[in-house]
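Asks: My questions will all concern the structure given below.
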Amino acid sequence: MQRVRDAHSGNTSHRRLDAENLLDLDLDAAKAQLWDSFLHARLGDVSRNRPLLLIDIDGVLNVYGVSSCPDGYAEHLLFPEDDEPTRLAAAHGPWLRELAVEFDLVWASGWGFEAHARLGPILGVDEFPFVPMPAIPFAPRDKIPAVAGYVGDRPVVWIDDLVVPEARDWAAARSAPTLLIETDHTCGLLREHVDEALSWARHH
């Protein structure tokens, strides 16, 4: 069974290219649409008044390309076939819950609907929606149409370890407030990134 590398992170893909997983890719978009419909029905226009926070996983919550597990992180064999374990920080769960006070959180990762199933129980966060991404492997710039279509005209903070020039051009051209935060994939999400996002939210 052929396996690929996610061009976004450089990590081994979490999906196999077979008929079952090609179907999963189609289901990603459907599940995201259903989740958004549920949120809209439950929250009405209240949610749309809040900014979005788009969160990548590899390089933001899951550090990679390191020789050993960084302090504060623990290794998890979520995908035993991958080249590297998934490395997650205990601090990230409380930080995400803190960010959820000011933002509507959204996964912005090739993990798709697997994001919550795999990470939610470890990080202790409630389920939140995801941006349907192109079929992997995809280049970092290929995230931009998916993100643009998802966020519409809402204010947004996007945290990613690969902020490409095309993303900066997109952010600069938006009329809605937009903040891009770039992380180092060997360090992941830091407290300074959380504070920057919270400060931005309180002033927009």
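Asks: Would you check which residues across the stretch 146-162 are surrounded by fewer than 22 Cβ atoms within 10 Å (Cβ to Cβ) and in contact with a Pro (Cβ under 8 Å, 6 or more places away or on another chain) and list them?
Replies: Across the stretch 146-162, the qualifying residues are ALA146, TYR150, ARG154, PRO155, LEU162.
Asks: Could you give me the residue pairs with C-beta distances under 9 Å whose first residue belongs to the stretch 188-204 and is within 15 Å of ASP160 (Cβ to Cβ) and without any contact (Cβ under 8 Å) to a residue 24 or more places away in the chain, whose second residue is charged (D, E, K, R) and surrounded by fewer than 18 Cβ atoms within 10 Å (Cβ to Cβ) wherever it lies, and which are 6+ apart or on separate chains?
Replies: LEU190/ASP184
Asks: Return the pairs, sorted by first residue and then second, in which the second residue is part of a strand (DSSP E or B) and not basic (Lys, Arg), the first residue lies in the stretch 143-157 and is on the phi < 0 side of the Ramachandran plot and touching a residue at least 12 places away in the same chain (Cβ under 8 Å), the beta carbons are less than 6 Å apart, and the residues are 6+ apart or on different chains.
Replies: Qualifying pairs under 6 Å: VAL151/LEU52; ARG154/LEU52; VAL156/LEU52; VAL156/THR178; VAL157/LEU53; VAL157/LEU179.
Asks: Determine whether PHE128 is touching a Phe, Trp or Tyr at 6+ places or on another chain (Cβ under 9 Å), in a loop (DSSP other than H, G, I, E, B) and of a type outside the set (Gly, Ala, Ser).
Replies: Yes, satisfied.
Asks: Among the numbered criteria (1) surrounded by fewer than 16 Cβ atoms within 10 Å (Cβ to Cβ); (2) at pLDDT 95 or above; (3) of a type in the set (Gly, Ala, Ser), which one does ALA201 miss?
Replies: Only one criterion in (1) surrounded by fewer than 16 Cβ atoms within 10 Å (Cβ to Cβ); (2) at pLDDT 95 or above; (3) of a type in the set (Gly, Ala, Ser) is unmet by ALA201, namely (1).
Asks: Report the residue count in the stretch 128-139 for those that are more than 11 Å from the chain's Cα centre (by Cα) and buried (at least 19 other Cβ atoms within 10 Å of the Cβ).
Replies: Matching residues across the stretch 128-139 total 1.
Asks: Restricting to strands (runs of 3 or more DSSP E) lying wholly in the stretch 50-119: which have 2 or more residues that are farther than 22 Å from LEU198 by Cα?
Replies: Result: 73-76, 86-89.
Asks: Out of the residues in the stretch 66-105 that are among the acidic types (Asp, Glu) and loosely packed, with under 12 Cβ neighbours inside 10 Å, state the one that is modelled with the highest pLDDT.
Replies: The extreme case among them is ASP71.
Asks: Mind checking which residues of the stretch 117-127 are buried (at least 19 other Cβ atoms within 10 Å of the Cβ) and either out of contact with any His (no Cβ under 7 Å at 6 or more places or on another chain) or at pLDDT below 95 (or both)?
Replies: First pass over the stretch 117-127, keeping only residues buried (at least 19 other Cβ atoms within 10 Å of the Cβ): 118-119, 123, 125.
Result: ARG118, LEU119, VAL125.
Asks: Another question about this same structure. Take the stretch 157-204 and flag every residue that is outside any helix (DSSP H, G or I), among the polar types (S, T, N, Q) and over 15 Å from the mean Cα position of the chain (by Cα).
Replies: SER175, THR178, THR186 - these are the residues of the stretch 157-204 that are outside any helix (DSSP H, G or I), among the polar types (S, T, N, Q) and over 15 Å from the mean Cα position of the chain (by Cα).
Asks: Conditions: (1) modelled with pLDDT of 95 or more; (2) over 16 Å from LEU189 (Cα atoms); (3) part of a loop (DSSP other than H, G, I, E, B); (4) of a type outside the set (Gly, Ala, Ser). ASP142 meets all but one. Number of the miss?
Replies: Here ASP142 meets the rest and fails (3).
Asks: Mind checking which residues of the stretch 172-197 are surrounded by 13 or more Cβ atoms within 10 Å (Cβ to Cβ) and over 19 Å from TYR73 (Cβ atoms)?
Replies: Correct list: ARG174, ALA176, PRO177, THR178, LEU179, LEU180, ILE181, GLU182, GLU196, ALA197.
Asks: So, one more: Mind listing whichever residues of the stretch 128-166 are in contact with a helix residue (DSSP H, G or I) (Cβ under 6 Å, 6 or more places away or on another chain) and within 19 Å of TYR64 (Cβ to Cβ)?
Replies: MET133, LEU162, VAL164
The values are calculated or read from the model by the stated rules, or taken from the named source; none is laboratory data. Just so we're clear, the structure is a prediction, and the values are computed from it rather than from any experiment. Heads up, the Cβs are rebuilt from the backbone with ideal geometry, glycines too, and the neighbour counts pull from every protein chain shown.
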